[in-house]
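Below you'll find the structure, written out as structure tokens, and then a few comments.
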Amino acid sequence: MSKGSQGRRDPSRVKMMGTYVRAEFYTEIQAEAERRGLNVSEFIRELATDALLDRGIEVPDPLVRKFKKKAKKPRRK
């Protein structure tokens with residue numbers, strides 16, 4: 001049986017952006033983000049953008065939507 005299905009989680013881990021990470025890792029990220037005047041998710045987005053740009057991959061601005069969201073199809077009964 002997997003640990004998740006038992007309803008317990010490791011207390012040394014913190015949920016960050018949908019994933020559980022080691023608490024000391026989270027505090028390091030949080031401290032660096034505060035030094036830069038950002039919140040954790042903004043800081044991670046900035047890190048990821050920089051890493052992709054270093055590899056020559058252009059990152060679209062998340063505020064500019066290129067495509068419209070698809071309309072949800074009505075449920076069939």
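Compute the signed sum of charges (Lys and Arg +1, Asp and Glu -1) over the other residues within less than 12 Å, Cβ to Cβ, of Glu28.
Values: positive: Arg22, Arg35; negative: Glu24, Glu32, Glu34.
Overall, the nearby charge balance is -1.
If you filter segment 16-60 for trypsin sites (Lys or Arg not before Pro), then keep DSSP loop positions with at most 11 other Cβ within 10 Å, what is left? Don't skip to the answer; put the middle values down first.
Working: sites: Arg22, Arg35, Arg36, Arg45, Arg55; in loops: Arg36, Arg55.
When the trypsin sites (Lys or Arg not before Pro) of segment 16-60 are filtered for loop state and at most 11 Cβ neighbours within 10 Å, Arg36, Arg55 remain.
Read the figures in this text as sums done on the coordinates, not as results from a lab. The model shown is predicted, which means the values in this text are computed figures rather than measured ones. Ideal geometry is used to build each Cβ from the backbone, glycine not excepted, and the neighbour counts take in all protein chains shown.
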